[in-house]
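The values are calculated or read from the model by the stated rules, or taken from the named source; none is laboratory data. Source: prediction; values computed, not measured. Virtual Cβ from ideal backbone geometry, glycine too; neighbours counted across all protein chains shown. Quick note on the areas: whole protein, heavy atoms, side chains included, nothing else; ligands and nucleic acids left out. Shrake-Rupley method; radii C 1.70, N 1.55, O 1.52, S 1.80 Å.
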Amino acid sequence: MEEDAEGMDRLDMDGDFVGGRFDRDGEFYYKSRRQRAPQTRDDAVYGVFAEGDSDYDSEEDEASRRRRRRKRRNDDSEPDLTRPVQFVSKGISAPKPEEEEEQQRSGLGQAASSSAAAASQEDAEDDQEPYMGLPTGFGQRIAEGARARREEKERQQESAKRRRGASGAGFESGKPAPPPGSLESNTKVAKMMAMMGYKRGEGLGKNAQGITAPVETTLRPKNAGLGSVEGFKEPKAFTPKENLPPPPPPPPAKKEKQRWSKKASAKKDQVLTKNELLARRAEQEQDEQPTLVQKVIDMRGPQARVLTDLKGLSTEHEMEANDVPMPELQYNVRLLVDETEADIVRLDGQLRREQEKVASLVREKEKVAKQEALQKHQLQVMETIANVLEKVRVDDTAGLLTLGGLLKTFQELKLRYEEEFKICSVAWVACRFAHPLLIRVFQGWQPLQNPLFGLEVMSSWKDLLQGDQPYDFSDATESMAPYAQLVSEVILPAVRISGTNSWKARDPEPMLRFLESWERLLPPIVLHSILEHVIMPKLTAAVESWDPRSENVPIHVWVHPWLPTLGQRIDTLCHSIRYKLSSVLQLWQAHDSSAYAVLSPWKGVFDPASWEDLIVRYIIPKLKMALQEFQINPASQKFDQFNWVMIWASAVPVHHMVHMLEVDFFSKWQLVLYHWLSSPNPDFNEIMNWYKGWRGLFPPELLANERIRMLLTAGLEMMNQAAEGHELAQPGARENVGFLRATEKRQFDAAQQASQYPSYHAVPGAAMSEMSFKESIQAYAGDQGLLFMPRVNKFYKGMQVYEFGTVSICIDSVKRLLYAQLQEGAERWSSVSLTQLLEMNRMARPH
């Protein structure tokens, strides 16, 4: 069995390392790795079946054969007691921990020399073993040959040692040879670098910034690859550090410091309390900017870890690199500390959330308590108000309730419980009890004769029922405020009765005095009702019955006081007033100044278009006739017609007045001045006074016009030319020729237009050039025996509707067209001619 076992491969590490051993903790240490024969092509192809033709295999096979033969001989044969005593080497024992550091400092040189000595001794033993069984003489000769060969081999080894000693001449005697590959092992390179300024123990470079020790390598277990082996710590290979500066010798008196004793170090790690840890975390959270949290998966260990930051990621490797004792224990302690910190932070967060929840519940409890107290207070207030109202109801039923007592009771309620007074609408309850009492107070009251009666009482009730609340401008009775409802039921009936029965529209003072006195106390809806149902009907009827020819009091005297109060409602009265004024102005003459007194106050009341149309149609033609009849005579001047015109300077639009004066006055005035200046020996002083007199007759509004000033300046320049002796040109000579031509052209165009539209504009018996379109229609109706009069408050597209016999018509004076209503009661209008109007009247007459 033993022979079979010798041919089998041993699955251990004895053949891989030299001087390998395990310590008490299971850590494996070795001196060097055993050199293997290089793998040949046949080895790669045939593997274990390849023939052992290499020297290494041959030597190994020969050595193994010798060991097997020696073992069989020792085991099978009897011990030969005649042999001399031979000593057998016991091998290399594992160094003690104290000797390990010294052995590492000894370097590879001693290891190599020890291995060589051991090998030579073994070879010597092996060389002697085959000749031990030969006869004495023959064996002695063979032994001498082997001894000679062994001595020759030893001499070669000694010479090699001397050569190595010569190469390390700089080292002290007894010091180990420098390791192969180091700087000291190559004396030539060392001398060259010393000449270039290199010093032993310093790094390379100008500032000695290079590393002083070679990079250390770490040996991994066999067949481990790049993966990690669980439960196995990678050993550290021995790395010579002779190029580092030697450490200072330890003090002889002090012993080596115990690294893991209780008194190992005076410097201790910082101990943090819970409060200090939380305070530091709070400061870090305040200082750190909010960033996006990213997850990092650490797959370097046997299990994957998910990390949110990189703090402490390389702590374990740093401990190993810095040769920290027991890094696994420290790493585990660090994990325990981190977990404890995380638990403290988590528990602190839970504690704060619970505290916030408790605070929120406390606040909610206080809020509910306040609401409960408020509701209790409101309930008490409601009970108090209900008791007061019940007492008022009992007094009202018994007939003991007075207006003053009722007012005082509700004033106290409002003063004490103002919010509840509004929320519960107590004002409506007060209004219900006050209504019959106020009816008795205002019974038989005449508001137009005694407008100040009841002001103080209603003012007190207004402050109680309405206060600072705004008025409700809606027309719905259901949405009226309590005070407005009370006024509409108590005050409004009395005003409506008095206004309808006793008030006259031509005497506005009583009604105006009442409205002025009650202006602050009347709600808008009540005032609107008074204006619509009392004042406007009265004013409309008065305007319809007003006759300007027989009335001594102008209409504006009793209509204009209502302008601020009526507002836009006055427009309905203006239509009727314009019709009344136009009917009178048809027969008016320029010398009658009363027309100006009646018409001028309405300039700012009528709209500008209506006012200009009224002036152009009825006033300007009469003023032009007056100016045309006016004669300018410096010897005996009469100013009647001129003064008639100047009275209307403020009423007539300026551009119409300027045109009228330029055509009908200044043409004659400049011609008279021209003849006077052209006379022999004119008196310029008299002419200047005459000029100043005429200039003073113009009102300021006309003198402010540029055209009037230019016409007056033309007369002044004519006077200057005459005074300087220049020849004067007759004013208007050139303009007259053009004027005559333009007049002839206008007459020809008018004749052509009349011939094209004979049915619309030809009015028999009327001179179209001298009468307006409306006057022509009126004259034609009179010739046919038909009634022509305006219909009251009837308009179509802003035009007044007239009765032409039995047909309603409208007159468009601008387009000179007639519009007739085709069917009574239907808004169907169409343009017609006078012949069609007559036919419509014949068809409407009963047969």
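Numbers below:
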{"quantity": "Matching option when the condition is open to solvent by less than 70 Å² (accessible area, probe 1.4 Å) and among the basic types (Lys, Arg), among Arg520, Arg578", "calculated": "Arg578"}
{"quantity": "Selected residue (criterion: farthest from Gln568 (Cα to Cα)) from residues of region 590-628 that are open to solvent by less than 20 Å² (accessible area, probe 1.4 Å) and of a type in the set (Gly, Ala, Ser)", "calculated": "Ala626"}
{"quantity": "Criterion: at pLDDT 90 or above and either part of a helix (DSSP H, G or I) or under 30 Å from Pro601 (Cβ atoms) (or both) - qualifying residue of Asn720, Asn689", "calculated": "Asn689"}
{"quantity": "Set Ala369, Ala342: member being at pLDDT 90 or above, in a helix (DSSP H, G or I) and open to solvent by less than 70 Å² (accessible area, probe 1.4 Å)", "calculated": "Ala369"}
{"quantity": "Filtered residues of region 638-662 (kept if within 60 Å of the chain's Cα centre (by Cα), of a type in the set (Val, Ile, Thr) and buried (at least 17 other Cβ atoms within 10 Å of the Cβ))", "calculated": "Val652"}
{"quantity": "Condition check for Leu351: hydrophobic (A, V, I, L, M, F, W, C) and modelled with pLDDT under 90", "calculated": "no"}
{"quantity": "Matching entry among Val801, Val792 (being at negative phi and modelled with pLDDT of 85 or more)", "calculated": "Val801"}
